[in-house]
1. Could you please let me know if E128 is touching a residue at least 40 places away in the same chain (Cβ under 8 Å), closer than 25 Å to V248 by Cα and either in a helix (DSSP H, G or I) or aromatic (F, W, Y) (or both)?
2. What number of residues in the stretch 261-289 are at pLDDT below 95 and touching an Asp or Glu at 6+ places or on another chain (Cβ under 8 Å)?
3. Could you pull out the residue among G150, G146, G162 that is touching a strand residue (DSSP E or B) at 6+ places or on another chain (Cβ under 6 Å), under 30 Å from V15 (Cα atoms), modelled with pLDDT under 95 and assigned by TED's automatic domain parsing to the domain that holds A244?
4. For the stretch 129-180, what are the residues that are of a type in the set (D, E) and over 20 Å from E287 (Cβ atoms)?
5. Please go through the stretch 277-314 and give me each residue that is among the small types (G, A, S), in a loop (DSSP other than H, G, I, E, B) and either touching a strand residue (DSSP E or B) at 6+ places or on another chain (Cβ under 7 Å) or over 27 Å from T34 (Cβ atoms) (or both), ordered by number.
6. For I280, all conditions in the list (1) loosely packed, with under 15 Cβ neighbours inside 10 Å; (2) β-branched (V, I, T); (3) not assigned by TED's automatic domain parsing to the domain that holds E192 hold save one; what is the number of the exception?
7. Do we have any residue at all in the stretch 52-74 that's touching a Gly at 6+ places or on another chain (Cβ under 9 Å), modelled with pLDDT of 95 or more and outside any helix (DSSP H, G or I)?
8. Has the stretch 136-157 got at least one residue that is over 21 Å from T22 (Cβ atoms), free of Cβ contacts under 8 Å to residues at least 12 places away in the same chain and outside any loop (DSSP other than H, G, I, E, B)?
Amino acid sequence: MTGTLTSASSRDFVVGVDLGGTKIRAGLATSAGTIIAETRVATHVLGRGVAEQLVTVVANLVTQAGLDAEQIAVTGIGGAGVPDSSGSAFELAPNLADLDHSFVSELSERLGHPVVLDNDVNVAAMGELHHGLGLAHRDFVFVSIGTGIGMGIIANGGVVRGGRGAAGEIGFLPFGADPLDAANHVRGPLEEVTAGDAIVQRYADATTRRISTEEVFALAAAGDPAAQASVDTEAQWIARALVAVNAVLDPEVFVLGGGIGSRPDLLPLLERWLERYGVILDLRTSELGHRAPVLGAIQLALTVFHSNQKGTTP
């Protein structure tokens, strides 16, 4: 999916950004969707400062590709939240809560081209649709588990966003942590028990040792009882969420992504819990891995680009 630049024309390239609370991944692509430059950096600051960092990220991609900044037509950004009604910032975004409501206008002004936002799991689902399992399946959900949990819905080959853009925010399903406790309303009850820090906390509660999520999974694979219990609890709650989603949407395939969801050692645990719940689902690990959100953000930018070329509204 990475190509070599052979020619350039004015405003004929787009940028896709996966904006996370801890890292930023980005790619620059031609109008045909061929990636010609990629980068990954730590998210070193949020609030208004993240716009400045993204300007640097885009500038570095432009230099890497041997282009001029004026040749970028649109930047698409996937972030862990829901775009507000004006599309200028993210809501329901605890990991990006410090972003200013002038984020898009400021960034667009500094980049010199339009900027469009979408939920990060929606864009991951778009990436999977156009470059992964979606090439063979037109109805699926992309469930991402990592720093948080979220879901992108693909129905009949298109993204389902809902009336307010929040379709798929399964972290707010009313089970896992106590749904009546206001403290669990920020991230959502399900996210409180499935996010990466919950795995770490369960292990720490059992052992008084605080280690990373990756280390918990490694210890579980080595037979550590406390680690195995923490990971198994993770699988139990995720499986329960998948059963709920299946009852409502009945997708053809469940695609699992994110730092936790894409782990191959999680899949058999999920299948065992699903069997106990009396449900058989077609679970697949994302074919694109961490590239899915970047490829989807590029697709988001391309949708705007081609709509502008046709003089239509995306």
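1. The answer is yes for E128.
2. Selection size over the stretch 261-289: 3.
3. Within the list G150, G146, G162, the selection yields G150.
4. Within the stretch 129-180, E169, D178 meet the criteria.
5. G278, S286
6. (3)
7. Yes.
8. Within the stretch 136-157, not a single residue is over 21 Å from T22 (Cβ atoms), free of Cβ contacts under 8 Å to residues at least 12 places away in the same chain and outside any loop (DSSP other than H, G, I, E, B).
The values are calculated or read from the model by the stated rules, or taken from the named source; none is laboratory data. This one's a predicted model, so the numbers in the text were calculated from it and none came from an experiment. A quick note on method: Cβ atoms are made from the backbone with ideal geometry, for glycine too, and the neighbour counts reach across all protein chains shown.
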